[in-house]
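Peer 1: Once you've had a glance at the structure underneath, I'll fire off some questions.
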Amino acid sequence: MQLKNNKSFTVDEAKRKLEHYCAYQERCYKEVNSKLRELNMIPAAADVIIIHLIEHNFLNETRYAESFARGKFRIKKWGKQRITRELKFKQISNYNIKKGLAQISNEDYYNTFDELAAKKVESITESNIYKKRKKLADYLLYRGWESTMVYEKAKELIC
């Protein structure tokens, strides 16, 4: 049986805790709000803390979207569709999503796509070309690459 944490924090204690939370890694409003609920903060106190974090630049959705897009593209090799979907799930505005995606240069985007597709084709052991194309397409679509790019690349690499 797990006991629920009933410790309460003053507004100043929670501010310091959330400042550290935001300074450690970029956070979005949804993550900060969730953390405040974990700390059992009342909505009025949560609003005061969020305003403080925004005013002191600990919480910045544009910066978060840019960092998220760069990181997921470079490290996980996600396409723009997947990055957009994940940012929408985190309730980031369309304006900030566009700013985030602008961090990815077209040249890097297409080079990464080509490398990822070529690497995956080598690892697929399927002998039937249609099944092999489907496996490649499913992999790339799951990672959020645009369907037109994916199907063209599958036809190009697997003939």
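The values are calculated or read from the model by the stated rules, or taken from the named source; none is laboratory data. Not measured: the values here are computed from a predicted model. Cβ atoms come from the backbone with ideal geometry, glycine included; neighbour counts cover every protein chain shown.
Peer 1: Looking at Ala69, Ala118, which one is aliphatic (A, V, I, L, M) and under 23 Å from Val32 (Cβ atoms)?
Peer 2: On the way: Ala118 fails: under 23 Å from Val32 (Cβ atoms).
Result: Ala69 is the single residue among Ala69, Ala118 that is aliphatic (A, V, I, L, M) and under 23 Å from Val32 (Cβ atoms).
Peer 1: Check whether at least one residue in the stretch 65-88 is at pLDDT 95 or above, among the hydroxyl-bearing types (Ser, Thr, Tyr), in contact with a helix residue (DSSP H, G or I) (Cβ under 6 Å, 6 or more places away or on another chain) and not assigned by TED's automatic domain parsing to the domain that holds Met149, and report yes or no.
Peer 2: Yes: the stretch 65-88 contains one or more residues that are at pLDDT 95 or above, among the hydroxyl-bearing types (Ser, Thr, Tyr), in contact with a helix residue (DSSP H, G or I) (Cβ under 6 Å, 6 or more places away or on another chain) and not assigned by TED's automatic domain parsing to the domain that holds Met149.
Peer 1: Within the stretch 101-129, take every residue that is closer than 14 Å to Ala69 by Cα and not β-branched (Val, Ile, Thr) and give me the one that is surrounded by the fewest Cβ atoms within 10 Å (Cβ to Cβ).
Peer 2: Looking at the filtered set, the residue picked out is Asn106.
Peer 1: Quick check on the stretch 17-33: of everything there that is in a helix (DSSP H, G or I) and among the basic types (Lys, Arg), which residue is surrounded by the fewest Cβ atoms within 10 Å (Cβ to Cβ)? Walk me through how you get there before you give the answer.
Peer 2: First, the residues of the stretch 17-33 that are in a helix (DSSP H, G or I): 17-24, 29-33.
From the residues that got through so far, the ones that are among the basic types (Lys, Arg) too are 17, 30.
Details: Lys17: 15, Lys30: 13.
By that ranking, first place goes to Lys30.
Peer 1: While we're looking at this one, here's another question. Got a number for residues in the stretch 64-82 being surrounded by fewer than 19 Cβ atoms within 10 Å (Cβ to Cβ) and under 21 Å from Ala137 (Cβ atoms)?
Peer 2: Residues meeting the conditions: 5.
Peer 1: Now, a different point. For the subset of the stretch 64-122 comprising residues that are farther than 18 Å from Tyr29 by Cβ and hydroxyl-bearing (Ser, Thr, Tyr), which member is farthest from the chain's Cα centre (by Cα)?
Peer 2: This residue is Tyr110.
Peer 1: Here are some conditions: (1) without any contact (Cβ under 8 Å) to a residue 24 or more places away in the chain; (2) loosely packed, with under 15 Cβ neighbours inside 10 Å. Arg85 meets all but one. Which one does it not meet?
Peer 2: (1)
Peer 1: Let me ask another. For Glu38, work out the one condition from (1) over 28 Å from Gln103 (Cβ atoms); (2) of a type in the set (Asp, Glu); (3) in contact with a Gly (Cβ under 6 Å, 6 or more places away or on another chain) it doesn't fulfil.
Peer 2: Condition (3) is where Glu38 drops out.
Peer 1: Please list, ordered by first then second residue, the pairs with beta carbon atoms under 7 Å, 6 or more apart or interchain, first in the stretch 20-46 and under 12 Å from Leu59 (Cβ atoms), second among the aliphatic types (A, V, I, L, M) and in a loop (DSSP other than H, G, I, E, B).
Peer 2: Cys22/Leu59; Arg27/Leu59; Cys28/Ile92; Tyr29/Leu59; Val32/Leu59
Peer 1: Here's something else I'd like to know. Check whether at least one residue in the stretch 56-63 is touching a Leu at 6+ places or on another chain (Cβ under 9 Å), crowded, with 17+ Cβ neighbours inside 10 Å, on the phi < 0 side of the Ramachandran plot and assigned to a helix (DSSP H, G or I), and report yes or no.
Peer 2: no
Peer 1: Only one of these is farther than 27 Å from Glu66 by Cβ, of a type outside the set (Val, Ile, Thr) and either touching a residue at least 12 places away in the same chain (Cβ under 8 Å) or in a helix (DSSP H, G or I) (or both): Lys98, Lys132. Name it.
Peer 2: Details: Lys98 fails: farther than 27 Å from Glu66 by Cβ.
Lys132 is the lone residue from the list that is farther than 27 Å from Glu66 by Cβ, of a type outside the set (Val, Ile, Thr) and either touching a residue at least 12 places away in the same chain (Cβ under 8 Å) or in a helix (DSSP H, G or I) (or both).
Peer 1: Only residues that are assigned to a helix (DSSP H, G or I), β-branched (Val, Ile, Thr) and over 21 Å from Arg85 (Cα atoms): list them for the stretch 111-129, please. Spell out the reasoning first.
Peer 2: As a first pass, look at the stretch 111-129 and keep what is assigned to a helix (DSSP H, G or I): 111-123, 129.
Now narrow it down to the ones that are β-branched (Val, Ile, Thr): 112, 121, 129.
Listed by number, the residues that qualify are Val121, Ile129.
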